[in-house]
Amino acid sequence: MSSPKRKKRRRSGGERAVLIICILLFVVIGAVGAYRGFARPPEPADSGGQPSAGGSGDGATVQEPDTHFERKDSYYTILVSGVDDDNGGSDTNILVSIDAVNGEINAVSIPRDTLIDVTWNVRKINAAYNVGGIDRLQTELEKLLGIPVDFYISVDLGGFVSLVDAIGGVWFDVPVNMNYDDPVQDLHIHFEKGYQYLDGKDAIKVVRWRQNNDGSAYPNGDIGRIQTQQAFLTAVAQQMLSNLGSNPIQAIQDYVNLFTTYVDTDLTVGNLVWIGEQALTMGMENIHFYTLEGESAWAYGGSYYVLDPEKTLSLVNSSFNPYQEDRTLSDLDIASPN
């Protein structure tokens with residue numbers, strides 16, 4: 001039976017990125033100049049098998065047809081995670097898919113408060129890193145979306161400040177007034193809404209701001225914060241490209257130094273160079289950014305972000321599924337607050 005017709009993919013407004021995508025994409029592009037000739041396509045560990053953690057079944061062994069887990073050619077998934085949110089967790093998580101056959105790179109932000117199907121007291125996706133590091137985070141994301149996560153790139157967000165300073169700072173339109181103080185952390189965020197210059201220390205405050213002292217925040221909560229991060233890092237990407245154009249030798253050296261200092265990955269240098277070459281060939285018009293859709297809900301004594309199963313499934317099948325066959329709702333493990 002042929003797979004059901006896929007819904008047309010919804011694009012996010014404008015070309016958006018996040019910190020880690022910038023580090024991955026543009027640092028690697030810079031590294032191409034230094035390591036060209038060592039490019040190697042990645043080799044996923046599960047070249048044709050089921051994800052390491054299955055969907056939301058009852059645990060019984062089910063004989064799936066082999067075709068359900070037959071992989072597409074030259075299609076890879078990578079978890080890009082920003083670590084260190086002052087609590088040791090992963091504050092920023094993005095799943096990236098690279099489709100070398102069709103010439104597309106897709107990236108989806110997973111909101112940090114996304115409810116997952118676990119028994120911990122805090123059942124949020126960003127808590128998975130606290131429980132079992134990057135391996136547990138990969139496992140929970142595989143369960144959530146019903147697809148394998150082939151590789152990871154973990155970035156120490158301390159590199160954010162160094163990155164912004166290395167490119168000479170960024171001009172950015174701060175979307176709202178920000179006034180927040182936390183004496184315990186010695187954290188003080190005070191910015192007026194509007195277009196202004198931000199160095200590294202200012203930039204990290206803007207992208208991490210959640211609410212003011214009076215409790216006011218983004219109207220759409222953490223999604224607004226993600227949108228600000230994406231808009232800011234589009235400006236970062238543009239500045240990085242400008243630096244590569246004006247002084248490529250120095251820019252390449254700076255970006256490679258940042259990468260080796262702040263990034264941990266199970267991809268080889270050759271893999272990273274290959275990804276950079278693919279991105280160069282595809283061009284920005286074929287790099288798309290999304291956020292998983294859902295809504296806020298109160299559950300388990302806290303506020304969570306609950307994914308919309310149908311919309312999540314549609315996005316997985318259109319932009320992140322490495323298998324030949326479409327996934328079904330039974331492959332996904334989207335928790336309910338009820």
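The values are calculated or read from the model by the stated rules, or taken from the named source; none is laboratory data. Quantities reported herein were computed from a predicted structural model and do not represent experimental measurements. Cβ: placed from backbone, ideal geometry, glycine included. Neighbour counts: every protein chain shown. Just the protein is used for accessible areas: all its heavy atoms, side chains included, with ligands, DNA and RNA removed. Shrake-Rupley method; radii C 1.70, N 1.55, O 1.52, S 1.80 Å.
With the structure loaded, tell me whether Gly133 is under 26 Å from Leu79 (Cα atoms) and without any contact (Cβ under 8 Å) to a residue 24 or more places away in the chain or whether it fails that test. Talk me through it step by step, then tell me what you get.
Details: under 26 Å from Leu79 (Cα atoms): yes; without any contact (Cβ under 8 Å) to a residue 24 or more places away in the chain: yes.
Yes: the conditions hold for Gly133.
Remark: Gln239 matches the filter, which requires a residue to be over 16 Å from the mean Cα position of the chain (by Cα) and modelled with pLDDT of 75 or more. In this entry, Ala235 passes the filter for residues that are under 30 Å from Lys193 (Cα atoms), surrounded by 14 or more Cβ atoms within 10 Å (Cβ to Cβ) and in contact with a strand residue (DSSP E or B) (Cβ under 9 Å, 6 or more places away or on another chain). Annotation for region 285-293: no member residue is more than 19 Å from the chain's Cα centre (by Cα) and not aliphatic (A, V, I, L, M). Here's a check for you: in region 185-210, which residue that is surrounded by 15 or more Cβ atoms within 10 Å (Cβ to Cβ) and over 26 Å from Ala107 (Cβ atoms) is nearest to the chain's Cα centre (by Cα)? Going through the qualifying residues, I end up with Ile189.
Hey, can you tell me all the residues within region 281-324 that are among the acidic types (Asp, Glu), under 25 Å from Ile105 (Cβ atoms) and either surrounded by 18 or more Cβ atoms within 10 Å (Cβ to Cβ) or modelled with pLDDT under 95 (or both)? Reasoning before the result, please.
Going through region 281-324, the residues among the acidic types (Asp, Glu) turn out to be 285, 293, 295, 308, 310.
Those left that are additionally under 25 Å from Ile105 (Cβ atoms): 285, 293, 308, 310.
Across region 281-324, the qualifying residues are Glu285, Glu293.
For region 167-184, what are the residues that are in a strand (DSSP E or B) and crowded, with 17+ Cβ neighbours inside 10 Å?
Initial filter on region 167-184 (in a strand (DSSP E or B)): 170-174, 178-182.
Val170, Phe172, Val174, Met178, Tyr180, listed by residue number.
Pairs are defined by a Cβ separation below 6 Å, a sequence spacing of at least 6 or placement on different chains, a first member in region 267-278 that is under 16 Å from Asp150 (Cα atoms) and open to solvent by 10 Å² or more (accessible area, probe 1.4 Å), and a second member that is of a type in the set (Lys, Arg) and in a helix (DSSP H, G or I); no pair meets this definition. Filter region 98-116 down to residues that are part of a loop (DSSP other than H, G, I, E, B) and either closer than 22 Å to Thr265 by Cα or of a type in the set (Phe, Trp, Tyr) (or both), then give me how many there are. So the count comes out to 4. When region 117-156 is filtered for residues that are among the β-branched types (Val, Ile, Thr) and either touching a helix residue (DSSP H, G or I) at 6+ places or on another chain (Cβ under 9 Å) or part of a helix (DSSP H, G or I) (or both), the ones remaining, listed by number, are Val118, Val122, Ile125, Val131, Ile134, Thr139, Ile147, Val149, Ile153, Val155.
Out of Gly133, Gly168, Gly158, one residue alone is in contact with an Asp or Glu (Cβ under 7 Å, 6 or more places away or on another chain) and not charged (D, E, K, R). It is Gly158.
Every test in (1) part of a helix (DSSP H, G or I); (2) more than 26 Å from Leu144 (Cβ to Cβ) is passed by Gly224 save one, and that test is (2).
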